Amino acid sequence: MPATYTTLISVPQLQALIDSGQPHMVFDCSFDLAQPALGGTQYLESHIPGAVRADLEHDLSAPHGAPGAHGTIVATEGDEPASGGRHPLPNRERFAVWLSSIGFSNDMQAVVYDRNGANYCGRLWWMLKWAGHDAVAVLDGGLQAWTAAGQPVASGEEPSHFQTNFRLNEPLRRLVTAQEVQNHLGQPGQTIVDARATPRYRGEVEPLDPVAGHIPGALNRPFGLNIGPDGHFKPAGQLRAEFDALLQGRPAGTVVHQCGSGVSAVPNLLAMEVAGLGPTALFAGSWSEWCSDPARPVERG
């Protein structure tokens, strides 16, 4: 029975997967918010052989306005995105069309990686779970771990794959809307965890969104805290202790993760699963969607 990876996969495990001939697809999700074209350039320079490029702006987000056009969503009737914010989620049907167009099928193990501490590849990991596909894992340590192990890299474009017909299944992870978050503000059944850097959470600085601060009652855990000095996710026991300290007795099942635009929240969500704290929810619109409505409350400090 082939191994199935659902959270993290190590470099030796990925190499064994490739050698086994088991159906799989590797995705390079490298990206840079300040330079949106950089990830594509880096991919052409160096990537895991056979990896498919998955671009945050073009493949993993719905069509949207220019960066900074907060709450501005480009949508046609029947193709509305699944969230608001700076990187609105495409709806599941649009996502399935993209997966089919690149040749991804339901029998494949997906492996996602980036060069950015799992910040961007986590988005595709979560989206595949949301599409009902459980066999998806993040390459622990990213491309840096692959090259440090002496593994080969390729450059340039990869041959395209034959189109498939990816079938959506019941979502395996929960997507939460801004309205749901607002409806449950201050209630014990909802614990918001904000993955942004602490100065942004406190409202001391705001480089990307028009309003500074955070959702009232949100706890703060910057997503980079999940990664150890070696560039890998911290051990499960350490992650569990850190989340227990953050939650202070609040049930893990009440957690809703958010960040600025729903991308860097995912490393916290993944880390909770590595820690054995179970699947939690994602508010994909995050702060950029929340603060686009001046009627929604804001907290600072």
How large is log10 of I(q)/I(0) for region 84-216 at q = 0.11, 0.14 Å⁻¹ when the intensity is taken from the Debye formula with one equal scatterer per alpha-carbon? -0.58, -0.89
Based on Cα positions only, what radius of gyration and what Dmax would you give for the chain, in angstroms? 18.5, 55
As an exercise, use a Förster radius of 35 Å and the Cβ-Cβ distance of residue 1 and residue 244 to find the FRET efficiency, rounded to the nearest 0.05. 0.55
Solvent exposure of region 147-301 as accessible area per residue, Å², 1.4 Å probe: 47 Å²
Diffing region 153-170: the Karplus 3J(HN,Hα) column from phi (6.51, -1.76, 1.60, θ = phi - 60°), in whole Hz with x for Gly and Pro, holds 10, 10, 10, x, 6, 9, x, 6, 9, 5, 5, 10, 10, 5, 9, 6, 10, 4
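How high is the relative contact order of region 104-241, given as a whole-number percent (alpha carbon pairs under 8 Å, six or more residues apart)?
Working: 153 pairs, mean separation 31.4, N = 138.
Answer for region 104-241 is 23 percent.
Could you work out the helix-only [θ] at 222 nm for the chain, with each DSSP H run of four or more residues adding -39,500 (n - 2.57) and the total divided by the number of residues, to the nearest 500 deg cm²/dmol?
On the way: 10 runs with 82 residues, N = 301.
So the helix-based figure for the chain works out to -7500 deg cm²/dmol.
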Applying a 4.7 angstrom Cβ cut-off across the chain, unpaired cysteine residues come out as 259, 291
Can you give me the angle between helix 121-130 and the longest principal axis of the chain, using Cα atoms only, in degrees from 0 to 90, rounded to the nearest 10? 80 degrees
To the nearest Å, what is the center-to-center distance of region 202-277 and region 95-160, using C-alpha atoms only? 22 Å
Please state the relative contact order of the chain as a whole percent: Cα pairs under 8 Å, 6+ residues apart? 21 percent
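What does the net charge come to around residue 173 if you take all other residues with beta carbon closer than 15 Å to its beta carbon, with K and R at +1 and D and E at -1?
Numbers: positive: 92, 123, 129, 174; negative: 134, 170, 180, 273.
The answer is 0.
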Within region 239-260: backbone nitrogen closer than 19 Å to the residue 204 label point (7 Å, Cα to C-beta): 260
Rounded to the nearest 10 degrees, the helix 11-20 long axis (Cα) sits at an angle to the longest Cα principal axis of the chain of 50 degrees
Note: region 8-149 at 20 °C, 1.002 mPa s; Kirkwood Rh on alpha carbon pairs; Stokes-Einstein D in µm²/s works out to 137 µm²/s
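How much net charge surrounds residue 274 when only the other residues with a Cβ under 10 Å from the Cβ of residue 274 are counted, with Lys and Arg +1 and Asp and Glu -1?
On the way: positive: 234, 240; negative: 140, 273.
That works out to 0.
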With springs only between Cα atoms under 10 Å apart, run a GNM on the chain and tell me which of 181, 136, 256 wobbles the most. 181
Expressed to two decimals, region 158-301 has a Cα Rg over Rh, using the Kirkwood radius, of 1.02
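For the chain, give the percent of accessible area contributed by carbon and sulfur heavy atoms, probe 1.4 Å, rounded to a whole number. Provide the component values of the computation, followed by the final result.
Working: 6770 of 12510 Å².
In the chain, the share of accessible area belonging to carbon and sulfur is 54 percent.
The values are calculated or read from the model by the stated rules, or taken from the named source; none is laboratory data. Since this is a predicted model, take the numbers as computed values, not measurements. We place every Cβ from the backbone using ideal geometry, glycine too, and count neighbours over all the protein chains shown. The area values use the complete protein model at the heavy-atom level, side chains included, leaving out ligands, DNA and RNA. Shrake-Rupley method; radii C 1.70, N 1.55, O 1.52, S 1.80 Å.
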